[in-house]
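The block underneath contains the structure these notes are about, expressed in structure tokens.
The values are calculated or read from the model by the stated rules, or taken from the named source; none is laboratory data. Everything numeric here is computed off the predicted structure, so don't read it as measured data. Here Cβ is always computed from backbone atoms with ideal geometry, including for glycine, and neighbour counts include all displayed protein chains.
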Amino acid sequence: MASTLMNGTEQTLFENTELGEYNGHIFLDKMQAGDTIVLKIYVKDHEDDVYKLRDSATYTGAQTKPCVGFLPTIGKVGLKVTAQQTAGTYRTVTHQWIMR
């Protein structure tokens, strides 16, 4: 389990460039009213070696389901998950990642 203190910038929670199947959990239980956090998943394109946005989700306020789970994702060239807090008091986000 790792922890990342949000600071207003897009921060990398997980990045791996090894071939594998990955899944993980991000815990947003510390969010309160007025907070907004954007989570993004990027996959690296083997053609140009650049990360491309695969998915994005925005979470606002106190969360009734504070555990965000990522379905298994295969990363052949690279996989990156980021978080950015865009509003509210900066919170610490805990997260865990598993390679299968």
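Here are some notes:
- Count of the stretch 65-84 residues, restricted to those that are farther than 20 Å from M6 by Cβ and out of contact with any strand residue (DSSP E or B) (no Cβ under 7 Å at 6 or more places or on another chain), is 1.
- Out of A62, A83, one residue alone is in a strand (DSSP E or B), touching an Asp or Glu at 6+ places or on another chain (Cβ under 9 Å) and surrounded by 13 or more Cβ atoms within 10 Å (Cβ to Cβ). It is A83.
- Any hit, the stretch 22-43, residues being surrounded by fewer than 17 Cβ atoms within 10 Å (Cβ to Cβ), modelled with pLDDT of 95 or more and of a type in the set (V, I, T): yes
- Filter result for A57 (of a type in the set (G, A, S), in a strand (DSSP E or B) and surrounded by 13 or more Cβ atoms within 10 Å (Cβ to Cβ)): no
- Across the stretch 65-80, the number of residues qualifying as within 23 Å of V43 (Cβ to Cβ) and either in a loop (DSSP other than H, G, I, E, B) or touching a Gly at 6+ places or on another chain (Cβ under 8 Å) (or both) comes to 7.
- The set of residues in the stretch 28-54 that are part of a strand (DSSP E or B) and touching a residue at least 24 places away in the same chain (Cβ under 8 Å) comprises T36, I37, V38, L39, K40, I41, Y42, V43, K44, D45, Y51.
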